[in-house]
Each structure stands twice: as C-alpha cells, then as structure tokens.
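The values are calculated or read from the model by the stated rules, or taken from the named source; none is laboratory data. Everything quoted here is computed from the prediction, not taken from an experiment. Counting neighbours? That spans all protein chains shown, and the Cβs are built from the backbone with ideal geometry, glycine included. Surface accessibility is based on the protein's heavy atoms, side chains included, excluding ligands, DNA and RNA. Shrake-Rupley method; radii C 1.70, N 1.55, O 1.52, S 1.80 Å.
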2 protein chains.
Amino acid sequence: MPIETYRETYRKRLLESILPFWLEHGMDRKNGGIYTGLDRDGTLLETDKSVWFQGRALWTFATTYADVKDDTAYLDATRNLVDFIDNHCFDTDGRMFFRVSAEGQPVIKRTRYFFSETFAIIGWAAYSRAVKDISYALRAFRLLEKVLAYRTSKDILVPKFNQEIEPSIGFGVPMILLNTAQEVRRALPERKQYLDALIDSLITEIERYFVREDLQLVLEQCAPDGSFMAEHFEGRLLNPGHAIEGAWFILNEARYRDNDPHLRELGLKMLEWMWRIGWDSERGGIRYFADALGKSPTEYWHDMKFWWPQNEAAIANWMAYRLTDDQKYLDRFAMVDTYIHSHFADDEYGEWYGYLHKDNSLSTPLKGNMFKGPFHVPRMYYMVSQP
Amino acid sequence: MPIETYRETYRKRLLESILPFWLEHGMDRKNGGIYTGLDRDGTLLETDKSVWFQGRALWTFATTYADVKDDTAYLDATRNLVDFIDNHCFDTDGRMFFRVSAEGQPVIKRTRYFFSETFAIIGWAAYSRAVKDISYALRAFRLLEKVLAYRTSKDILVPKFNQEIEPSIGFGVPMILLNTAQEVRRALPERKQYLDALIDSLITEIERYFVREDLQLVLEQCAPDGSFMAEHFEGRLLNPGHAIEGAWFILNEARYRDNDPHLRELGLKMLEWMWRIGWDSERGGIRYFADALGKSPTEYWHDMKFWWPQNEAAIANWMAYRLTDDQKYLDRFAMVDTYIHSHFADDEYGEWYGYLHKDNSLSTPLKGNMFKGPFHVPRMYYMVSQP
C-alpha cells in the first residue's frame with residue numbers, strides 16, 4: 001500500500017473508530033473527566049477513574065484538535081479534562097493521585113511513581129498548542145521541573161526494592177521523561193535550549209545503561225554501575241514493546257534534529273534487537289515479556305499479545321521507514337498493520353480489544369480499564385497520519 | 001479408585017516427587033533458608049528468597065516430619081528454616097520482610113499485608129509439633145496476637161484504597177487467619193478456648209459478609225456494611241480457588257467439631273457455588289478469576305489454570321466426601337486428580353509446573369518463584385494422605 005493511503009486510512013480510523021468511542025461512552029458530562037473502564041460496546045464496567053488517563057486523554061484530544069481536525073467536540077473534551085485534573089487529581093502536597101472516584105474523590109495514590117504527573121504534563125502541553133494558551137505550556141514545564149526534582153530526591157519516591165541492598169535503575173523513567181520533554185518542547189519552544197539539554201542527558205542515560213551491546217538487547221533494569229542483574233528475574237526481564245516505544249522516541253528526536261545519524265542509528269538498533277525478541281514470526285504480534293538469557297519466565301502472561309506493544313511497533317517501523325527509506329521497515333509496518341486490523345480492531349463497536357492470548361484469540365472483550373484508554377491506539381493512528 | 005489407594009499414592013508423591021525436589025534444589029546450605037525461584041530441572045533462576053516461603057516450607061517439612069515420616073532430612077530442613085527466619089526475616093519494628101537476598105539482607109518489605117507473619121506462625125506451630133518444643137507454639141501464638149492487633153490498628157497496615165472514600169473489607173484476611181488459628185490450635189491445645197472463640201468469630205465474619213445467598217457466590221471483597229460493590233472490578237472479582245480453599249478450612253473445622261452440621265453445610269455451599277463458577281467443564285481445571293455478574297474481566301490472565309486452585313479443589317472435594325460419604329465429591333476429586341496428574345505434575349524432574357494456559361498448554365516450565373514453592377502442592381498430598 002502506498003504510504004499516502006496508510007496516512008489517510010489511519011486518519012480516518014482515528015477520527016471515525018477510536019475517538020467517537022471514547023467521546024460517546026467515556027466522557028463523563030455529569031462529574032467531568034473520563035471513564036476508561038468500558039466493555040466492548042462501551043457499557044460502563046468501573047466507575048472509578050484513572051488519573052493517568054485524564055492526562056493521556058487530554059493529550060489525545062488536544063493533539064488531534066491541534067494537528068488533525070479542529071472539531072469542537074474535541075475541544076469540549078479537552079476543557080472537561082483540564083478542569084477535572086485541576087479540581088480532582090492533585091493532592092495537597094502537589095503530588096497526583098492514581099485513581100479517583102466518579103466524583104473525583106481520591107481512591108489510590110501511588111508513592112513509587114510519577115507517571116500521573118508525566119501524563120498531565122503532556123496533556124497540558126498539547127492543550128496549550130490546541131488553544132494557543134502558553135500558560136498551560138508553562139504549567140507543564142513547571143510540573144516537569146518538579147518531577148525531575150522528585151527523581152533526584154531520596155525522600156519523595158519510595159522505591160519497592162531496598163536500594164541499599166539491591167540497588168537498581170530502570171529504563172522506564174528516562175524513557176518516559178524523554179517523551180515528556182519532547183512534548184513540552186513542542187508547546188514551549190521558548191525553553192528549547194533547556195529541553196534539548198535535558199533530552200540529551202536522558203538519551204545518554206538510556207544509551208549508557210540500557211542499550212546493551214554486550215547482550216544485543218535493551219534492558220528494563222540494571223544496577224546503578226551498569227551491571228546486568230543476571231541472577232534476578234527483574235534483571236533479566238525484557239519488555240520488547242516498551243523498548244520499541246523508547247526506540248521511536250529516539251527516532252523522533254533524530255528526525256527533529258535533521259535526521260541526526262547517531263540518534264537514528266541508536267533508535268534503529270534498539271528497534272532491530274527488540275523486534276527480533278518480540279515479534280511472533282509464527283502467529284504475528286509483539287509478545288509481552290521475554291527473558292534476556294532465554295530462561296523460563298516468571299511472568300505467566302509473558303506470551304500474551306497486548307494492544308500497546310503493537311501500536312509502538314507500528315509507529316517505530318513507520319518512523320524508521322520515513323528516516324531511512326529502507327523497504328524492510330515498511331514491510332514490517334505492513335505486517336503489523338495486517339496483524340492489528342485482523343485481531344485487535346473492533347469494526348462493530350469501534351476502538352480495540354486490549355488482551356489476546358498467545359494464539360491471538362480474545363482473552364477479554366473489554367475496551368478499557370485502569371491501564372487501557374484513549375492513548376496508545378489513537379497515538380499510533382495520529383503518528384502515522386502525520387506528514 | 002478406592003480411597004485407600006489415593007491415600008497411599010498421595011503419600012508416595014509427597015515423599016518421592018515433591019519434597020526431594022525442594023530439598024535437593026531449593027535448600028541453601030550455605031546461607032540457610034530456601035530458594036524458590038527454580039527452573040523445571042531445579043536450576044536456580046532467582047537468588048532472592050521469599051519470606052512467605054521460609055514459613056511455608058517450614059510448615060511443610062515440619063508437618064511431614066510430625067505426621068508422615070520422621071526422616072532426619074526433613075528435620076534438618078526445618079532447623080535451617082527456623083534459623084533463617086530468626087536471623088533474617090524480621091525487621092527491627094517486629095514486622096516481617098517480604099523478600100530478602102540470598103544472604104538474608106532485606107530487599108522488599110510490604111506494608112499492606114501480614115502474610116509473611118501468618119506463614120511464619122503456621123511454620124513455628126508445625127515445628128513445635130515436629131520437635132515437641134512448646135516454646136515455638138507459644139511464639140506462634142504471640143505472633144498471632146500481634147497480627148490480630150495489626151489488623152485492628154489504623155496505623156500499622158497502609159491500605160491500598162482510601163478507606164474514607166471507598167471503604168472495603170476482604171475475604172482473604174479472615175480466611176487466612178482461620179487456617180492460621182487452626183494450625184496454632186493443633187500445636188497449642190492449651191489455648192483451645194481462646195482459639196475456638198477466635199475461629200468462631202472469623203467464620204461468622206466470612207459467613208456474614210462474603211458467603212452471599214443473594215448472589216449464590218463467595219465474594220473476595222465487599223463494603224464494610226456488606227454491600228456488594230457492583231460498580232467496581234474489584235467488587236465483582238471472584239477467585240474460585242481461593243474461595244474453595246476457604247471452604248475446606250471451614251469443612252476442616254466441621255470435622256474438628258465432630259461433623260458440626262452448620263459448619264459442614266456452610267463449607268459445602270461455598271464449595272458448590274465456587275466449583276460451578278471455577279471448574280472448566282470442557283477442558284478441566286479451575287480457572288483463576290471470574291466476574292460475579294458475568295461481565296468482561298479486567299484481569300487478562302483470568303482464564304489461566306494456576307497450580308494452587310487445583311490443589312485446593314482436590315482437598316475440598318476430598319474433605320467433603322469424607323464428611324458426607326456423597327459419591328459426587330469423590331467423583332469430582334477423581335476428576336481433579338486425573339486433570340492435575342495429566343497436566344501439572346512433572347514425573348521427569350519432580351514437583352509441578354505452576355502456570356498453564358486456558359487450553360492447559362504450558363505457559364512457563366519453571367517450578368517456583370516468589371509465589372510458588374513447597375506449600376500448596378505438598379499440602380494437598382499431605383491432606384489426602386492423612387487418615
């Protein structure tokens with residue numbers, strides 16, 4: 001298929017199959033905010049709301065409004081989400097909750113992570129672009145500065161593992177901050193210099209610790225001195241979809257920097273290694289987990305196919321093709337495209353299923369929960385639709 | 001098969017296939033304690049140790065030594081575990097860790113739960129019976145008193161959900177305390193009166209809140225006033241293997257109380273309801289999760305077959321048969337027996353696999369991790385082997 005056709009198809013799916021599902025079934029016009037616990041047909045399964053998804057849905061609707069189509073339904077959705085975040089998602093200490101009730105009362109606060117914050121940041125940054133109001137870009141920037149401070153403070157985040165005894169560092173943090181900084185930069189070019197430097201340091205961290213020439217793998221976790229934690233399940237854990245997502249954040253940076261050759265090769269290498277580990281050449285799809293040494297995995301759902309690794313593999317191969325013109329990447333993109341539209345997309349009710357077994361049969365027909373909502377799927381359709 | 005043959009077969013499997021696997025591959029003769037992160041053939045996959053399993057393995061080896069066979073290898077194992085628990089598993093505040101390093105340094109401490117404690121209690125109680133030393137039964141009793149105090153204190157356990165906004169109570173706590181109290185009573189008949197009263201109150205709590213005539217189900221969670229939390233995934237979550245485990249704790253109490261008719265009928269009802277929900281009549285095996293209203297589950301591994309629900313279903317049906325002489329239960333026991341020995345048992349290397357897909361194919365060949373070790377499998381073989 002010519003890439004122009006993909007672009008048009010993806011735009012159409014974004015606007016006609018994905019966003020309408022969430023607008024119709026998820027948006028809470030009574031209390032504000034968005035529900036994500038929705039069944040196949042949009043029936044509400046869970047009245048609590050995910051704080052991650054207030055920010056992520058804001059990113060999705062604001063970005064679509066800014067870059068794809070200035071539909072007032074999207075604009076209304078963004079205002080609803082901005083207000084709900086302001087009114088209900090922050091604790092008095094400035095940290096964000098993880099889960100709130102339908103009415104916005106706090107239900108769960110997580111002390112180990114700042115992902116609620118990073119998703120609010122990208123939401124505000126995109127909203128700033130949508131409504132052309134720099135004050136939201138500045139709020140996003142200031143919250144990013146706070147998150148960076150949380151990261152270095154010993155007192156604010158409570159690590160799960162005793163860092164005196166088994167110290168470790170994770171790929172997920174620099175990787176999500178990289179994307180967060182990129183989104184803030186789009187909205188706030190005034191801080192380009194600071195954000196470029198931050199992005200440089202995050203990519204350096206990723207490259208130094210997690211992109212492992214010795215193993216030809218992207219690790220999720222290692223010791224602070226860079227040692228491979230071969231004796232622990234967590235040390236050997238690979239998450240190909242996650243690494244491939246990180247790969248395209250770096251390819252995106254290469255593109256931003258006029259096809260910077262070092263960044264391009266770094267992103268391509270990460271994609272190459274983790275595609276080899278993740279792609280199920282027999283049945284299609286990116287598998288969830290693997291073990292770096294090929295040992296027996298402890299995560300019993302390791303061989304399931306989740307929706308989002310497929311989204312990330314589609315974007316990464318698409319972007320790799322755009323940067324290299326190498327047909328291999330377009331062929332892989334086409335493989336992912338065929339796979340996802342045969343197994344994940346639900347043409348009857350819109351949106352995607354989230355969870356398939358190893359053999360691609362459906363595990364559960366629901367469309368959303370605390371971890372699936374309007375983000376990875378619409379982001380993929382958006383990214384491919386863009387010039 | 002006559003029940004005497006089952007008894008002999010189960011004793012033989014306990015002594016010849018299960019315990020040797022852990023003695024040979026899990027016992028750490030250098031640092032003390034037991035490793036449970038073992039591959040199919042016993043190769044070490046994870047050097048950290050589960051604190052749950054120091055207590056649970058102690059229960060298993062001590063109980064086998066006391067009631068099945070006084071092999072000194074089992075006695076040596078119990079001493080190794082008792083020492084490791086004393087030296088490495090308690091924090092200075094008296095709470096226990098969740099995970100420690102090979103050498104016994106603390107790696108993870110969980111603040112929401114006291115399961116490390118309940119497993120140390122049953123371990124000490126069994127050890128007291130094995131070595132006929134009442135001091136360990138008294139230690140078990142005192143730690144049980146502490147755990148009961150943690151339960152009612154508002155300051156010690158940190159709940160995941162904000163109890164002001166979404167208060168809830170769980171089946172797991174009274175259920176595990178019921179078994180813990182029963183094990184302490186076996187070791188410390190001197191405290192029978194206190195423990196009988198505690199057991200009465202726990203069963204009353206289970207019966208009042210979680211055994212639901214209105215739904216004909218055993219719930220895992222409900223509101224403190226007993227309301228069914230129909231609008232939340234967690235409120236609708238059913239765990240048939242867990243409920244069936246609770247059913248046999250109650251059947252066990254019925255047996256202890258000369259076949260008490262009320263307790264017997266309560267346990268049989270729980271078994272009946274949750275067997276209906278859990279048993280896969282097409283492919284065999286107890287499924288992991290279900291939704292109380294038959295809605296789409298959010299737990300994507302809901303249809304997998306884990307080892308331990310099969311163990312609990314075997315014990316519950318065996319015990320139901322022993323209490324009622326109703327052939328239906330023996331037939332079901334035989335179904336479970338055929339199923340587990342066709343799919344879970346590994347005659348080549350000993351022990352069982354832990355995780356099968358919905359269709360009973362193997363998800364991972366490992367024999368243990370932080371959640372699987374010498375407990376449910378040997379307990380089943382032990383329970384069925386007993387007169």
How many percent of the accessible area of chain A is carbon or sulfur, using a 1.4 Å probe?
49 percent
What is the percent of Cα-Cα separations in the stretch B:87-245 that go past 22 Å?
50 percent
Can you work out the accessible area per residue across the protein assembly as shown, with the rest of the protein chains kept in place, probe 1.4 Å, in square angstrom?
37 Å²
Calculated FRET efficiency, B:Asp196 and B:Gln386, Cβ-Cβ r, R0 22 Å, to nearest 0.05?
0.55
Ignoring ligands and nucleic acids, chains A and B bury, in total, an accessible area (1.4 Å probe) to the nearest 100 Å² of about 3400 Å²
Under the Karplus relation with 6.51, -1.76 and 1.60 and θ = phi - 60°, whole-Hz ³J(HN,Hα) for the stretch A:32-39, x at Gly and Pro, equal x, x, 10, 8, 10, x, 10, 7
Within straight-line cross-link reach of A:Lys192, lysines at Cα separation under 29 Å, skipping those fewer than 8 residues along the same chain:
A:Lys69, A:Lys132, A:Lys146, A:Lys154, A:Lys269
Could you calculate the FRET efficiency of B:Arg142 with B:Arg7 from 1/(1 + (r/R0)^6), where r is the beta carbon distance between them and R0 is 25 Å, rounded to 0.05?
0.10
In the neighbourhood of A:Glu245 defined by beta carbon distances under 11 Å, the net charge of the other residues (Lys, Arg +1; Asp, Glu -1) is 0
Round to a whole angstrom and tell me the spacing of the C-alpha centers of the stretch A:340-373 and the stretch B:352-366.
23 Å
If we restrict to alpha carbons, what Rg and Dmax does the protein assembly as shown come to, in Å?
27.3, 82
Accessible surface, 1.4 Å probe, highest first, among residues A:Tyr209, B:Tyr194:
B:Tyr194, A:Tyr209
Peptide A:306-319, shielding by other chains (average Cβ, 10 Å cutoff):
0
Chain B, helix-only ellipticity at 222 nm - DSSP H runs n ≥ 4, -39,500 (n - 2.57), divided by all residues, nearest 500:
-17500 deg cm²/dmol
Any residues in the stretch B:354-373 that have 10 Å² or more less accessible area with all protein chains than in their chain alone, probe 1.4 Å, and which are they?
B:Tyr355, B:His357, B:Lys358, B:Ser363, B:Thr364, B:Pro365, B:Leu366, B:Asn369
Just the accessible area for A:Asp86, please: 1.4 Å probe, Å², rounded to the nearest 10?
60 Å²
Rounded, prolate or oblate for the stretch A:86-126? Axes are the square roots of the Cα gyration tensor eigenvalues, ordered a ≥ b ≥ c, and the cut-off for rounded is a/c under 1.5.
oblate
Starting from the Kirkwood Rh over alpha-carbon pairs, what translational D in µm² s⁻¹ does chain A have by Stokes-Einstein at 10 °C and 1.306 mPa s?
75 µm²/s
Ratio of Rg to Rh over the stretch B:314-384 (Cα coordinates, Kirkwood Rh, two decimals):
1.02
Can you bin the stretch A:153-242 into rounded, prolate or oblate? Criterion: square roots of the alpha carbon gyration tensor eigenvalues sorted a ≥ b ≥ c, rounded for a/c under 1.5, prolate for a/b above b/c, oblate for the rest.
prolate
Going down the table (A:Lys160/B:Lys295; A:Lys12/A:Lys49; A:Lys160/A:Lys295; A:Lys372/B:Lys160; A:Lys160/B:Lys358; A:Lys160/A:Lys372), which pairs top 26 Å between alpha carbons?
A:Lys160/B:Lys295; A:Lys12/A:Lys49; A:Lys160/B:Lys358
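Could you compute the longest span of chain A free of GluC sites (Glu not before Pro) located in DSSP loops and having at most 16 other Cβ atoms within 10 Å, not counting the site residues?
Longest gap between qualifying sites, sites excluded: A:1-102.
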